[in-house]
1. Check off (1) more than 13 Å from the ligand (Cβ to nearest atom); (2) assigned to a loop (DSSP other than H, G, I, E, B); (3) among the aromatic types (Phe, Trp, Tyr) for TYR163 and give me the number that stays unchecked.
2. For ARG133, only one of the following conditions fails: (1) surrounded by fewer than 17 Cβ atoms within 10 Å (Cβ to Cβ); (2) under 20 Å from MET230 (Cα atoms); (3) more than 16 Å from the ligand (Cβ to nearest atom). What is its number?
3. List the residue pairs whose Cβ atoms are under 6 Å apart, where the first residue sits in segment 231-244 and is closer than 21 Å to ARG129 by Cβ and at pLDDT 95 or above, the second is more than 10 Å from the ligand (Cβ to nearest atom) and among the charged types (D, E, K, R), and the two are 6 or more positions apart or on different chains.
4. Does segment 215-237 include one or more residues that are surrounded by fewer than 17 Cβ atoms within 10 Å (Cβ to Cβ), within 12 Å of the ligand (Cβ to nearest atom) and either outside the structural domain of ALA127 (by TED's automatic domain parsing) or more than 15 Å from VAL145 (Cα to Cα) (or both)?
5. What about ALA182, is it in a loop (DSSP other than H, G, I, E, B), in the same structural domain as VAL206 (by TED's automatic domain parsing), of a type in the set (A, V, I, L, M, F, W, C) and away from the ligand (no atom under 12 Å from the Cβ)?
6. Taking ALA93 and the conditions (1) under 23 Å from ARG216 (Cβ atoms); (2) in a helix (DSSP H, G or I), which numbered condition does it fall short on, given that it satisfies the others?
7. Checking LEU205 against (1) within 12 Å of the ligand (Cβ to nearest atom); (2) outside any helix (DSSP H, G or I), which single condition isn't satisfied?
Amino acid sequence: MQVSRAACAFVLMERTMLPFIVASVFVAASGAGWLLLFPPKRKPNPRQRRMLLAAAATGLLAAAPPLLVRLLRPRQMVPAFDDKVHIEDPQIAALLQGEQLAPPPPLPPLAFSAAEVELQRPMLAQADRDWQRLDKDFAQRLLAVFNVMRERHGYEMALLEGYRSPERQDRLAAAGSHVSNARAFQSFHQYGLAADCAFIRDGKLVISERDPWAMRGYQLYGEAAESVGMVWGGRWSMMDFGHTELRARDTRA
Ligand SMILES: [Zn+2]
């Protein structure tokens with residue numbers, strides 16, 4: 001998503017000014033209504049005329065900038081700013097506009113309790129991997145990422161954990177900072193807006209930061225995720241390569 005700072009400032013200014021437009025229109029309308037209902041018995045004296053003129057001028061001055069911004073704004077920039085990501089990649093855009101993407105078939109539960117998996121990712125066996133419990137929009141974006149990873153880069157991906165209950169989040173935090181830094185409701189997992197993913201090679205889960213093939217995969221996965229407006233944990237100071245979430249806020253995996 002590429003939105004220039006100027007465009008953001010532009011839209012922000014417009015949003016902040018909107019109440020002023022509404023207020024001035026309201027004041028002008030009620031003033032006119034009052035004059036219609038109770039016409040002044042005698043003409044206003046010069047002092048009253050000056051006050052009326054000053055009030056009208058103030059209203060105009062308040063309403064002019066936001067009106068100008070509204071008229072002059074570059075239209076294509078607003079959707080990109082307004083939570084709807086402008087997707088440049090035609091393949092991803094087509095995927096997101098087409099039919100609902102279906103989740104891949106689940107891996108057998110044993111795949112998540114293998115010794116090497118447990119070593120990399122403790123307490124994974126009990127994790128929730130139900131795509132239905134994820135936010136719909138987030139799930140679709142993540143499935144588009146899976147699709148691109150498979151079709152374009154040859155990586156098969158698997159969901160390790162999606163929704164996470166607040167109780168489980170606290171249990172993970174209690175296990176230590178190498179497992180999670182976030183307590184209950186401090187992670188997007190509790191809102192169905194985050195997922196941890198890994199790769200499948202020869203039918204086995206690969207969760208590794210030492211495997212060059214996996215590291216290349218994480219990089220591509222991060223790029224694809226960011227191209228659909230998600231935040232990738234690989235960019236955090238506490239790097240979490242398999243983690244993606246929708247919407248940026250100050251929470252950690
Ligand atoms: Zn996570």
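The values are calculated or read from the model by the stated rules, or taken from the named source; none is laboratory data. Owing to the predicted nature of the structure, the values given are computational and were not obtained by experimental measurement. Cβ coordinates were reconstructed from backbone atoms using ideal geometry, including for glycine residues, and neighbour counts include every protein chain displayed.
1. Here TYR163 meets the rest and fails (1).
2. (3)
3. Within 6 Å, the pairs are TRP232/GLU226.
4. Looking through segment 215-237, at least one residue is surrounded by fewer than 17 Cβ atoms within 10 Å (Cβ to Cβ), within 12 Å of the ligand (Cβ to nearest atom) and either outside the structural domain of ALA127 (by TED's automatic domain parsing) or more than 15 Å from VAL145 (Cα to Cα) (or both).
5. Working: in a loop (DSSP other than H, G, I, E, B): yes; in the same structural domain as VAL206 (by TED's automatic domain parsing): yes; of a type in the set (A, V, I, L, M, F, W, C): yes; away from the ligand (no atom under 12 Å from the Cβ): no.
In short, no.
6. All conditions pass for ALA93, except number (1).
7. Among (1) within 12 Å of the ligand (Cβ to nearest atom); (2) outside any helix (DSSP H, G or I), the lone unmet condition for LEU205 is (1).
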